[in-house]
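Single-structure report; data block below.
The values are calculated or read from the model by the stated rules, or taken from the named source; none is laboratory data. Being a predicted model, the structure only gives us computed values, none of them experimental. Cβ sites come from the backbone with ideal geometry, for glycine too, and all protein chains shown count toward neighbours.
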């Protein structure tokens, strides 16, 4: 802190763990005038900031290990990678700025802290130089990406067969493929058994088949409609029926006008005829 950021530690607060409460620490604190504060037994909330950050690191590292099926003995690489990612993620406490952005406002950052993020646990092909291989050996080694170097500007790639760790920038990442797979099941769904995954696969295949049939049906319907339109011959003016002649004599007797006077007289009741005769008299 004093060398890198020109800051002096005045108070150090921790729990009562043996890594903090020991003779060497107490001697160092007395020589540098640092006050060491400890929490009460079984009271972690007195050091809530540190406890919450430890939980954040543990949850992130556990998510990295489980999602990529990396063995648990690589937990230290997962913790270092979690710290690297958290320092480069926006935080609401910092008004959605990353911790490195806030730190860069006070101190210049070395270039070793700038890396392109990669997927933890993915396949990484490490380039082997001529002095590391013979003429007939492959030019690259299939490794697993395990994080970022702390004091070097490079990626840490682990080769399980030889148990060697390479720190290099000459690496090609295959982020769509994970190096480790779940040994208990070939399922790509977390917590799903094989039969359930098969059901999901069958459902997806049925949906794809249904969508394909609908597309083919719509295309065939449009094609039939276009063919029916093309088969229709155009109607010319000489094929239209002739309009009726207004001077033509109507031969249908049902359409001739009739005199309805006699019919109306016949339809009159008898008492109406007598009333008319009485009026004439």
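One line per residue, one yes/no per condition, for (1) in the same structural domain as residue 50 (by TED's automatic domain parsing); (2) surrounded by 15 or more Cβ atoms within 10 Å (Cβ to Cβ); (3) more than 30 Å from residue 55 (Cβ to Cβ):
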{"residue": "84", "(1), (2), (3)": "yes, yes, no"}
{"residue": "107", "(1), (2), (3)": "yes, no, no"}
{"residue": "115", "(1), (2), (3)": "yes, yes, no"}
{"residue": "135", "(1), (2), (3)": "yes, no, yes"}
{"residue": "138", "(1), (2), (3)": "yes, no, yes"}
{"residue": "152", "(1), (2), (3)": "yes, no, no"}
{"residue": "158", "(1), (2), (3)": "yes, yes, no"}
{"residue": "163", "(1), (2), (3)": "yes, no, yes"}
{"residue": "170", "(1), (2), (3)": "yes, no, yes"}
**Fill in**
Exactly one of 49, 93 is in a loop (DSSP other than H, G, I, E, B) and surrounded by fewer than 15 Cβ atoms within 10 Å (Cβ to Cβ), and that one is 93
**Asked** Could we say that residue 128 is more than 20 Å from residue 82 (Cα to Cα), crowded, with 16+ Cβ neighbours inside 10 Å and modelled with pLDDT under 95 here?
**Response** yes
**Request:** Would you mention how many residues in segment 12-32 are more than 45 Å from the chain's Cα centre (by Cα) and outside any loop (DSSP other than H, G, I, E, B)?
**Result:** 10
**Complete:** Per the filter on segment 64-77, residues within 23 Å of the chain's Cα centre (by Cα), in a helix (DSSP H, G or I) and buried (at least 18 other Cβ atoms within 10 Å of the Cβ) are 64, 65, 68
**Fill in**
Within segment 96-112, the residues that are in contact (Cβ under 8 Å) with a residue 24 or more places away in the chain and not in a helix (DSSP H, G or I) are 106, 107
